[in-house]
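Scroll down for the structure; my scribbles are underneath it.
The values are calculated or read from the model by the stated rules, or taken from the named source; none is laboratory data. On a predicted model such as this, the values are computed, not experimentally measured, just so you know. Here the Cβ positions follow ideal geometry from the backbone for every residue, glycine too, while neighbour counts run over all protein chains shown.
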Amino acid sequence: MFDHVSITTTDLDRAGRFYDAVLGTLGYPRVNRRERAIGYGERGTSLCFMSVFLSDAVVADNRHWCFRAPSRAAVRAFHAAALAEGGTDDGPPGDRPNYGPDYYAAFVRDPDGNRLEAICRSPEG
């Protein structure tokens, strides 16, 4: 559904470390860095699907970004990387049968309070 998303941060270096680690677990590397922004996308392209912009203030109460993960192991790695880089747990990796069959996800908050989710819709294995 989305072509790209943009979020803001009050500390671009901190956000870069966080998103390098977290999105790296899902196979989405940093594809560019500008003075006031960082972009993430797919390997082998310079196109961004997510941009992080430096801002004086962040209002993240209602933001929720869900990323597809290639495996359940990647969901667990995403969650671990987020916590290691200053994120907070907002729902540990696990099955969410109330959301649908094979819905395996983890939820975290980034250091600016944005709510992130990684999801894998495939069974374990």
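Just one of the listed residues (R36, R109) is at pLDDT below 95, touching a Gly at 6+ places or on another chain (Cβ under 7 Å) and either of a type in the set (K, R) or at positive phi (or both), and it is R109.
How many residues does the range 85-120 contain that are assigned to a loop (DSSP other than H, G, I, E, B) and either in contact (Cβ under 8 Å) with a residue 24 or more places away in the chain or surrounded by 20 or more Cβ atoms within 10 Å (Cβ to Cβ) (or both)? Number of matching residues: 8. Exactly one residue among A21, A15, A82, A74 is modelled with pLDDT of 95 or more, assigned to a helix (DSSP H, G or I), surrounded by 14 or more Cβ atoms within 10 Å (Cβ to Cβ) and touching an Asp or Glu at 6+ places or on another chain (Cβ under 6 Å), and that residue is A21.
Do you know which residues across the range 39-70 are in a loop (DSSP other than H, G, I, E, B), modelled with pLDDT of 90 or more and touching a strand residue (DSSP E or B) at 6+ places or on another chain (Cβ under 6 Å)? Quick ask: steps written out before the conclusion?
Filtering the range 39-70 down to residues in a loop (DSSP other than H, G, I, E, B) leaves 42-47, 55-63, 69-70.
Now narrow it down to the ones that are modelled with pLDDT of 90 or more: 69-70.
Residue satisfying the conditions is A69 alone.
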